[in-house]
Amino acid sequence: MSRVPMLIGNWKMNKTLQEARDFAQRLGQQSMHLKPGCEYAICAPYTSLHLLRVMLPAQVQLGAQNVYHEVSGAYTGEISAPMLVDFGTKFVLAGHSERRAIFGESNEMIARKVSTIMKAGMTPILCVGETIAEREAGQTEHVVKEQVLSGLANLESGEVETLVIAYEPVWAIGTGKTASVDDAGQVIGWIRQILVDQFSSSVANHVRILYGGSVKADNIASFVGHPEIDGGLVGGASLEADSFVGMAKAIE
Ligand code: PEP
């Protein structure tokens, strides 16, 4: 089946309001290049969500980078799913490798976030991927399988088919090194097979699985050209509007 490709930006902890405004203005000037055959989103820091909701071109949806699994209460410093829904947020990242490594998020915490995002009516982007040590030890398949299965543990199969998974080998994030297209396609093929085995072929065929890790305008087409890869989750190269548009044009 044909799945609509996606280009998702992850700004990480970048951009003041003025910088976010400049990005949105520049993207707006080039919005004719954002074609309907692809879905676009920017996962921004919470502080830029309102501005982006107002200023982003209509083709570009709003994403957040994190959420807390409780709806309200004494959780100082956290943001809940209903708060994100208020901003018109469509996508939320869960399990990004920086959250796993720096903030100690476990597979169990990530699973709670995934179901919280889903139950609030937003779309989780579940991020999975092996470290370089795990790859060199031949554990990629095992690590990714555990992350996928535990991340989806609280979902019904009807929910699973609407979600997005991003395969992001940790060693390729922000390093300028990418997985080869064949390697990325192979791991994403394994992920799809996990979904077949655990849920059904129909579910597996609906789920969009992206590649992330040093994607930019001059390499995204080769990833998206692979039949298993449904788009890119992009950090550094999503920070400039011209580069975002360059990737959008390359996917066409
Ligand atoms: C990311 O932040 O998810 C990412 C893939 O970053 P980069 O594109 O900079 O490697």
Quiz prompt | Calculated from backbone phi, Karplus (6.51, -1.76, 1.60) coupling profile of the range 79-85 in Hz, x at Gly/Pro | solution = 10, 9, 5, x, 5, 5, 4
Quiz item: Val71 label point, 7 Å along Cα→Cβ, cut-off 18 Å on backbone N: hits in the range 97-139?
Solution: 112-123
Quiz prompt | MRE, 222 nm, helices only [DSSP H, n ≥ 4, -39500 (n - 2.57), over the chain, to nearest 500] | solution = -12500 deg cm²/dmol
Exercise. Scan around Met6 for amide H atoms under 5 Å from its own, H built in the peptide plane at 1.01 Å from N, and keep only partners 5 or more places away or cross-chain.
Key: Glu39, Gly231, Gly232
Quiz item: Could you state the per residue volume, in Å³, of the convex hull enclosing the Cα atoms of the chain?
Solution: 114
Quiz item: Using the alpha-carbon centroid of each, what span in Å lies between the range 88-104 and the range 154-219?
Solution: 15
Self-check item: Computed FRET value (nearest 0.05) for Phe103 with Gln186, which takes r as the C-beta separation and R₀ as 35 Å
Solution: 0.75
Quiz prompt | Amide hydrogen neighbours beyond the local backbone of Val164, cut-off 5 Å, H modeled | solution = Leu126
Quiz item: Can you run phi through the Karplus equation (6.51, -1.76, 1.60; θ = phi - 60°) for the range 211-216 and list ³J(HN,Hα) in whole Hz, with x for Gly and Pro?
Solution: 9, x, x, 6, 6, 8
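Only the coordinates and a few stated rules stand behind these numbers; no lab work does. Computed from a predicted structure; not experimentally measured. For neighbour counting, all protein chains shown are included, and Cβ atoms are generated from backbone atoms with ideal geometry for every residue, glycine included.
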